[in-house]
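Below is one structure, written out as structure tokens; the observations come after it.
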Amino acid sequence: QVQLVESGGGLVQAGGSLRLSCAASGRTFSSYVMAWFRQAPGKGREFVAAINWSGISTYYADSVKGRFTISRDNAKNTVYLQMNSLKPEDTAVYSCTAGKIYPTVVAGLYDYWGQGTQVTVSS
């Protein structure tokens, strides 16, 4: 069992930055693939970024590539999402997830989910 808690969301102006954090507890973190998804009201989860067990390989949705950076600190059981040059279309609830899998864009293949943190980008 893994528990995930996101933090760092908020209201920012277009062009601004936020750093989201996801703290894991309940089980050793280092063997899991970690990812971020986002969900706007009335829509399904959208893949944002993923990082493999070692942190060497990262993957990004085309919509965020070059603006967002995913990283992890296994010693702290924490994964981060640095979001720069934010746009109004980035507005969503951002959730972190974990799975003992290869990185995937398919939300249903991950095992554990956090409750999400709201990111709102104003024009």
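The values are calculated or read from the model by the stated rules, or taken from the named source; none is laboratory data. All values derive from a computational prediction rather than experimental measurement. Virtual Cβ from ideal backbone geometry, glycine too; neighbours counted across all protein chains shown. For accessibility, only protein heavy atoms count, side chains too; no ligands or nucleic acids. Shrake-Rupley method; radii C 1.70, N 1.55, O 1.52, S 1.80 Å.
Return yes or no: is ILE56 touching a helix residue (DSSP H, G or I) at 6+ places or on another chain (Cβ under 8 Å), at pLDDT below 90 and among the β-branched types (Val, Ile, Thr)? If you could, list the steps in order and put the result at the bottom.
On the way: touching a helix residue (DSSP H, G or I) at 6+ places or on another chain (Cβ under 8 Å): no; at pLDDT below 90: yes; among the β-branched types (Val, Ile, Thr): yes.
No.
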Considering residues of the stretch 80-123 that are under 11 Å from MET34 (Cα atoms) and among the aromatic types (Phe, Trp, Tyr) only, the residue least open to solvent (accessible area, probe 1.4 Å): TYR110
I'm checking my understanding of the structure. Among residues of the stretch 2-46 that are touching a helix residue (DSSP H, G or I) at 6+ places or on another chain (Cβ under 7 Å), of a type in the set (A, V, I, L, M, F, W, C) and within 22 Å of ARG67 (Cβ to Cβ), which one is surrounded by the fewest Cβ atoms within 10 Å (Cβ to Cβ)? ALA14
